[in-house]
Amino acid sequence: MKTDWEAVYRDSWNDVVQFLSWMLLDDDRARDLAQEAFARVLGRTATNPRGLVFRTAANLARDEARMVVRRKRHLALLKVEDDVKTEAAATPAAELEARERADQVRRALERLSETDRQVLVLWNAGFDYDEIAERTGLSKGALGTTIARAKKKLITAYDGLEDTDAALG
């Protein structure tokens, strides 16, 4: 039996927008994502079309929230980099320390596998899981675990370099 999406749209539009407004706290973005949710399910056959629209809308809202968090983290990293550059410009000692820190991060990254290094660099650059999966060939579902493990390996490598440098220094 074919789904009457026009009727689902009429009956569910306001509820989907309200649901997304509560999730996003942004009425305009909620309307945009509601439209996107309906566009994604249009033409599909569903035993529970309203549920499919809400599930699609919820997934879009979660993706949106993750993207906002990633952007904030990326902006925070950029601010730290700017602060380090400003500090480095302030004194030769600060400049030397900033260069040493950057060199140590590069050396720690070199100790990681190509895959771990690639996902961390893409994630740090603000790419979302779809984009990282497309560029690396990894499944989107495996990325969360891969990124978490790569971060732990990077921290371990960085700490190991600090210990080695301290022992040598």
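Here is how the numbers come out for the structure above:
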quantity	calculated
Volume per residue of the C-alpha convex hull in region 5-64, rounded to whole Å³	66
Estimated distance in nm for a label pair at GLU134 and GLN104, the labels positioned 7 Å out from Cα along Cα-to-Cβ	3.7
q = 0.17, 0.18, 0.22, 0.25 Å⁻¹: log10 I(q)/I(0) that the Debye formula gives for region 91-168, counting C-alpha atoms only	-0.70, -0.75, -0.95, -1.10
Stretch gain in nm, segment THR45-ASP159, where the contour uses 0.36 nm per residue and the Cα spacing is subtracted	35.7 nm
Net dipole in debye of region 1-55 [+1 Lys, Arg Cβ; -1 Asp, Glu Cβ; about Cα centre; nearest 20]	300
Computed FRET value (nearest 0.05) for ALA148 with ARG62, which takes r as the C-beta separation and R₀ as 25 Å	0.90
Under-5 Å amide H pairs with ALA46, H placed in peptide plane, nonlocal only	THR3
Cβ charges +1 (Lys, Arg) and -1 (Asp, Glu), total dipole of region 91-168, debye	260
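Where a number appears in this text, it was derived from the coordinates with a stated rule and is not lab data. Because the structure is predicted, anything quoted here is derived from the model rather than measured. Positions of Cβ are backbone-derived with ideal geometry, glycine not excepted, and every protein chain shown enters the neighbour counts.
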